[in-house]
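Novice: Take a look at this one; I'll ask things after.
The values are calculated or read from the model by the stated rules, or taken from the named source; none is laboratory data. Bear in mind the structure is a predicted one, so any value in this text is a computation, not a measurement. Methodologically, a virtual Cβ is constructed for each residue, glycine included, from the backbone with ideal geometry; neighbour enumeration extends over all protein chains shown.
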Amino acid sequence: MTKTILIDPSEQRKPSRLVAPEIPINQYVADPAAEAAKFGRAGLIRIFRDMVLIREFETMLDRIKKEGSYQGIEYQHKGPAHLSIGQEAAAVGQAYHLWPDDFIFGSHRSHGEILAKSLSAIAKSNVNELQQLMESYNNGDTLRIVERYAPADHIADLAVNYVLFGTLAEIFGRFAGFNRGMGGSMHAFFPPFGVMPNNAIVGGSADIATGSALFKRVNRRPGIVIANIGDASMGCGPVWEAMMFAAMDQYRKLWPAEAGGAPPILFNFMNNFYGMGGQPVGETMGYGMLARIGLGVNPEGMHAERVDGYNPLAVADAVERKKQLLSAGKGPVLLDTVTYRFAGHSPSDASAYRTKEEVDLWRQQDSIIGYRGYLLANDHATEAELDAVIADAIARITAVLRAGVNDADVPRVALDSGIHRRHHVLQPGTHALCRRKAECALEQGTDAARPDTGEVPVWPRRAGQGASKTQNPHVR
Ligand SMILES: Cc1ncc(C[n+]2csc(CCOP(=O)(O)OP(=O)(O)O)c2C)c(N)n1
Ligand SMILES: [Mg+2]
């Protein structure tokens, strides 16, 4: 029988006032000596490297979309590419303290988050894990291309090229992409590193991530879950549903204590101050400051904070602290991560809804330039080291692009491929909706169209372990 909760009229009719908790706004205070001790020189430089890699990756996509070439390599990409140029510090800072068993779910603008989380996971994995993962994922198809086009002496280095190529090939709809080219720019994912599917429906990841966090809680799985959604998604009903669901009293008041409390979900709003063209503050919403929303959801105000997403160390600090709260069952958490996209909503966007002066103001405070200045001013790195990081990023991006545009070696996914066929077999009825029915092997009844009798390959699979859809070998 369900527990009953007495509603006492004398309690409910009593006069009093609600007192809301304070919401910290950009409260992080830099302490270069403490930061050097915490991250180490290598960690601080890696943060710079990851930001630069993401910037160069998306700069390359921008050039390909607008000019049809990058570093002399020509290509026409007809698919979408919503770029997050300008938002790198927010993604890299968030990923720094996350482990592969912490999950992120993103939006239409999540290339940077995919790369940042994957680069962070590489830094936390050992050589054997990386080797085994790359050999087994996609039956090693993705790895074979990387070994050929972007080889490296060390496995961790090769793994960096692997995530760059796997993501790029996915964006270009290629069979060697992380999702066999079936997801593309807005739905790419890489579960071994906790990079869960991104979602083109604005705010859509809020609910899915909340479900994932509930799964973790009831199944006693380690790690937290982050929904990376935009500031304009606060106007979407599903985001509010997700926040209400995540904050239900019953997790703490009715469920047995050993269940662990509320689902470990962090609603991270990448607050770049724009929807496609509308401005949430001053135009399309009335919250004044996004972090304020937490106050309306539960007595803890969702532990909401505004964090300076132009400083990767401030974001890393916030995520580390919030992760502790979430792991203790004290969620949900809301972060209002201040950032800015220099890029238009998409490459065809002329940004007519904002002034050049405004974009220039944010460019002057570009997080990569600012963080570079911080590293140099505090002797955490030399000019030569940081220049080498940039040169290395350009070389890597050029190498993976050269692979990603090669139709012969890295073909586009064919909709009548094995995956397509298997999809029909596993989900009877979907074939009826197939727009390429006439070309589909299943329709033609050829030998190749016979249903696969083997297993659908699922990651992870480790030596000595059976295939499992749920166990992640990277869990701590
Ligand atoms: C439910 C839904 N409504 C509208 C759109 C069209 N759309 C795509 S991106 C976007 C703006 C999203 O703004 P925000 O959430 O702040 O993310 P940002 O683009 O700034 O990263 C809109 C309205 C959509 N994809 N999904
Ligand atoms: Mg936005």
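Novice: What do you reckon, is residue 3 out of contact with any Lys or Arg (no Cβ under 6 Å at 6 or more places or on another chain) and without any contact (Cβ under 8 Å) to a residue 24 or more places away in the chain?
Specialist: Taking the combined requirement at face value, the residue does not satisfy it.
Novice: Looking at segment 349-363, can you tell me whether even one residue there is surrounded by 16 or more Cβ atoms within 10 Å (Cβ to Cβ), hydrophobic (A, V, I, L, M, F, W, C) and under 29 Å from residue 245 (Cβ atoms)?
Specialist: no
Novice: Pairs under 7 Å by beta carbon, first residue assigned by TED's automatic domain parsing to the domain that holds residue 111 in segment 373-397, partner of a type in the set (Asp, Glu), six or more apart or different chains?
Specialist: If the second residue must be of a type in the set (Asp, Glu), the pairs left are 376/383; 393/56; 394/56; 397/56.
Novice: Does residue 280 fit the bill of being modelled with pLDDT of 95 or more, in contact with a Gly (Cβ under 8 Å, 6 or more places away or on another chain) and within 16 Å of ligand 1 (Cβ to nearest atom)?
Specialist: yes
Novice: Further question: Looking at segment 198-224, which of the residues that are buried (at least 23 other Cβ atoms within 10 Å of the Cβ) and of a type in the set (Val, Ile, Thr) is nearest to the chain's Cα centre (by Cα)?
Specialist: 224
Novice: Which ones in segment 99-119 are without any contact (Cβ under 8 Å) to a residue 60 or more places away in the chain and either more than 16 Å from ligand 2 (Cβ to nearest atom) or part of a loop (DSSP other than H, G, I, E, B) (or both)?
Specialist: none
Novice: On to the next question. Going by what's in this entry, would residue 227 be described as within 12 Å of ligand 1 (Cβ to nearest atom) and surrounded by fewer than 22 Cβ atoms within 10 Å (Cβ to Cβ)?
Specialist: No.
Novice: Now a separate question. Suppose we filter segment 153-202 for residues that are closer than 14 Å to residue 106 by Cβ and touching a residue at least 60 places away in the same chain (Cβ under 8 Å); how many remain?
Specialist: 18
Novice: Hey, another quick one. Which pairs have Cβ atoms under 6 Å, sit 6 or more apart or on different chains, and link a residue in segment 18-32 that is closer than 17 Å to residue 308 by Cα to one that is outside any loop (DSSP other than H, G, I, E, B) and of a type in the set (A, V, I, L, M)?
Specialist: The qualifying pairs are 23/291; 28/314.
Novice: Looking for something within 27 Å of the chain's Cα centre (by Cα) and outside any helix (DSSP H, G or I) - is there at least one such residue anywhere in segment 366-379?
Specialist: Scanning segment 366-379, I find at least one residue that is within 27 Å of the chain's Cα centre (by Cα) and outside any helix (DSSP H, G or I), so the answer is yes.
Novice: Next question. As an exercise: evaluate residue 316 against (1) within 15 Å of ligand 1 (Cβ to nearest atom); (2) surrounded by 22 or more Cβ atoms within 10 Å (Cβ to Cβ) and give the number of the one condition it does not meet.
Specialist: With respect to (1) within 15 Å of ligand 1 (Cβ to nearest atom); (2) surrounded by 22 or more Cβ atoms within 10 Å (Cβ to Cβ), residue 316 is out only on (1).
Novice: Which pairs have Cβ atoms under 6 Å, sit 6 or more apart or on different chains, and link a residue in segment 242-266 that is free of Cβ contacts under 8 Å to residues at least 40 places away in the same chain to one that is in a helix (DSSP H, G or I) and aliphatic (A, V, I, L, M)?
Specialist: As it stands, the answer is 242/206, since those pairs meet every condition given.
Novice: Being closer than 23 Å to residue 59 by Cβ and more than 16 Å from ligand 2 (Cβ to nearest atom) narrows it down to one of 370, 301, 331, 286, so name that one.
Specialist: Result: 370 is the single residue among 370, 301, 331, 286 that is closer than 23 Å to residue 59 by Cβ and more than 16 Å from ligand 2 (Cβ to nearest atom).
Novice: Please indicate, with yes or no, whether at least one residue in segment 208-225 is assigned to a loop (DSSP other than H, G, I, E, B), over 27 Å from residue 258 (Cβ atoms), out of contact with any helix residue (DSSP H, G or I) (no Cβ under 9 Å at 6 or more places or on another chain) and in the same structural domain as residue 302 (by TED's automatic domain parsing).
Specialist: no
Novice: Could you grab me the full set of residues in segment 246-272 that are outside any loop (DSSP other than H, G, I, E, B), under 29 Å from residue 87 (Cα atoms) and away from ligand 2 (no atom under 16 Å from the Cβ)?
Specialist: Listed by number, the residues that qualify are 246, 265, 266.
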